[in-house]
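Here is the structure we will look at, set down as structure tokens.
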Amino acid sequence: MLLHQYSVTTAVTFFSITASLKSLLFLLLMIPVFVVAQPAIDTDLIPRYSRPTIDDLPMILDTDEYEILVEVVASGLENPWGMAFLPDGDMLITERDGHVRLLRDGVLEPDPIPGTPEVHTMQLSGLMDIALHPEYEKNGLIYLTYNKPLGEREETIALARGRFDGNGFQDMRDIFVSTPNHAGGSRIVFAPDGSLFMTVGGAYTVGRTAERAQDGSWHSGKVLHLLDDGSPFPGNPFSGQAGYHAEVYSMGHRNQHGLAFYPLTGELWAHEHAPQGGDELNIIKPGANYGWPIVSYSRRYDGPRITQQPWQEEFEQPVVLWLPSIAPSGLMFYTGEKFPAWKNHAFVGSMRVGRILRTGHLERIVLNENGEETAREWILEELGERIRDVKQGPDELIYVLTETADGMLLRLSPVAPVEE
Ligand SMILES: [Ca+2]
């Protein structure tokens, strides 16, 4: 049909008759085409794809290796951001508006835990990650990262530490405050030696904040390495160097919402958001530069490339690259026995793909023994939820947070391995 239309149009142009006559002739020639078209389909009789929603849970979904049971553990969480398991299996869950919620014996306590810091909450800003001190059972210390108000107009990213007594936080106070930072994201993770890594994002826009990622006098766009009291780790790569904060461990990042250790090598991995296409998962090395905004695979939101150079010799290259963007949030490497086929795979929460709504999912990335990508799978894509965080529970099951005003904590457990 298309070929027919094309040849008619070409012929008409060739004779260069007037526009109105041209249209008339075209319409006349089109009539036989409609006459010979297939009979109309009664769309009422065709089954419509009906996509499940989170309200349909519990549900069993297929993945490449397992059938998984997806259950709601808790609902009514307001824009949850981060989570941590307590030694007894209870959980602490942060909400963007500044609250920390306690899931006690599997039930969400109605009131937030008192004693949290004052948080600047607006769109991307708010309370973010939470972590337990490695010796939590002895000292009860909890760490929070959040956007801290600085006077009337400014804000930044701060790390606060306090003691959790089972009911409230005691002596919660900032132990590190970064240089001013508008709406930057932050994750924290403890290293096996008891030191602490922290991402400071917020190096968003070229010509305004992005260049801070290349400037050691700003904390934006860096991974920081701290002692457990918030002071700089003594062996840091730029320690004592003019123009660099002593906390800086790596630079050239944009906005990093995922941070975890890869169990096979002990390396620190982090992912980061690019604007449009070009989200990256990187292996974080001391003193390394990850290139933002000098090199990037991304485009501006309105189309043009950020830079004509996707890579350069002196900058570290990502181990995983997302084109289009998946808006990654939360990073976990699975180490349990419940999903043996998924051992050491990376799991990344996605909030949306290619800036299209209802495309969020949990991404499983299969890595070989060198940490190189060999396969990717989208899990929970049926639900299309924004996935904000992913963690392995003490029960070796997988827990995810959905990031909405009525956010949920979901649990994924294997039903049976998929038959070959
Ligand atoms: Ca990069």
> How many angstrom separate the Cα center of segment 118-184 from the Cα center of segment 362-420?
Replying inline: 27 Å
> Ranking 120, 219, 225 by Cβ neighbours within 10 Å, fewest first, what do you get?
Replying inline: 120, 225, 219
> What's the local net charge at residue 290, with K and R +1, D and E -1, over the other residues with C-beta under 13 Å away?
Replying inline: -2
> What area, in nm² and to one decimal, does the C-alpha convex hull of segment 115-173 cast on average over all directions?
Replying inline: 4.3 nm²
>> Rounding to the nearest 10 and keeping the result within 0 to 90°, find how far the Cα-based axis of helix 19-35 lies from the longest principal axis of the chain.
In response: 90 degrees
>> Rg and Dmax in Å for segment 134-262, alpha carbons only: what are they?
In response: 14.7, 47
>> I need the phi-derived Karplus couplings for segment 343-358: 6.51 cos²θ - 1.76 cosθ + 1.60, θ = phi - 60°, integer Hz, Gly and Pro marked x.
In response: 4, 6, 7, 8, 10, 10, x, 10, 8, 5, 10, x, 6, 10, 5, 6
> Which of the peptides 46-54, 181-189, 148-156, 242-250 is most tightly packed, and how do the rest follow, judged by the mean count of other Cβ atoms within 10 Å per residue?
Replying inline: 181-189, 242-250, 148-156, 46-54
> What is the set of long-range amide H partners of residue 323 at a cut-off below 5 Å, with H atoms built 1.01 Å from backbone N?
Replying inline: 278
> Taking a ≥ b ≥ c as the square roots of the eigenvalues of the Cα gyration tensor of segment 292-420, is the shape rounded (a/c under 1.5), prolate (a/b larger than b/c) or oblate?
Replying inline: oblate
> Using alpha carbons only, how many degrees (0 to 90, rounded to 10) separate the axis of helix 2-15 from the longest principal axis of the chain?
Replying inline: 60 degrees
> Per residue of the chain, what 222 nm ellipticity follows from adding -39500 (n - 2.57) for every DSSP H run with n ≥ 4, rounded to the nearest 500?
Replying inline: -2500 deg cm²/dmol
> What residue among 404, 334, 362 has its Cα farthest toward the positive end of the dipole of segment 313-420, where the charges are +1 on Lys, Arg and -1 on Asp, Glu, each on the Cβ?
Replying inline: 404
> What is segment 190-343 by shape, rounded, prolate or oblate, if you read a ≥ b ≥ c off the alpha carbon gyration tensor as root eigenvalues and call it rounded for a/c under 1.5, prolate for a/b larger than b/c, and oblate otherwise?
Replying inline: oblate
> What ³J(HN,Hα) values, in whole Hz, does the Karplus curve 6.51 cos²θ - 1.76 cosθ + 1.60 give for segment 379-394 when θ = phi - 60°, with x put for Gly and Pro?
Replying inline: 10, 6, 5, 4, 7, x, 7, 6, 9, 9, 8, 9, 9, 8, x, x
> If amide H atoms are built 1.01 Å from N in the plane of the peptide, which residues on other chains or at least 5 residues away come under 5 Å of the amide H of residue 367?
Replying inline: 346, 374
> Using the Kirkwood radius built from alpha carbon pairs, what does the Stokes-Einstein equation give as D for the chain at 4 °C and 1.567 mPa s, in µm² per second?
Replying inline: 55 µm²/s
>> Using each residue's phi in segment 85-92, evaluate 6.51 cos²θ - 1.76 cosθ + 1.60 at θ = phi - 60° and report the 3J(HN,Hα) Karplus result to the nearest Hz, with x for Gly and Pro.
In response: 8, 7, x, 8, x, 5, 9, 10
>> Under 5 Å between amide hydrogens, which residues at least 5 positions from residue 284 or on another chain qualify, with H placed 1.01 Å from N in the peptide plane?
In response: 268, 269, 270
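Please arrange 195, 125 by counting, for each residue, the other beta carbons lying within 10 Å of its beta carbon, fewest first.
Fewest to most other Cβ atoms nearby, the residues stand as 195, 125.
Read-outs: derived from the displayed coordinates by stated rules, not from any lab. The model shown is predicted, which means the values in this text are computed figures rather than measured ones. Neighbour counts are summed over all protein chains in view; Cβ atoms, including those assigned to glycine, are modelled from backbone coordinates with ideal geometry.
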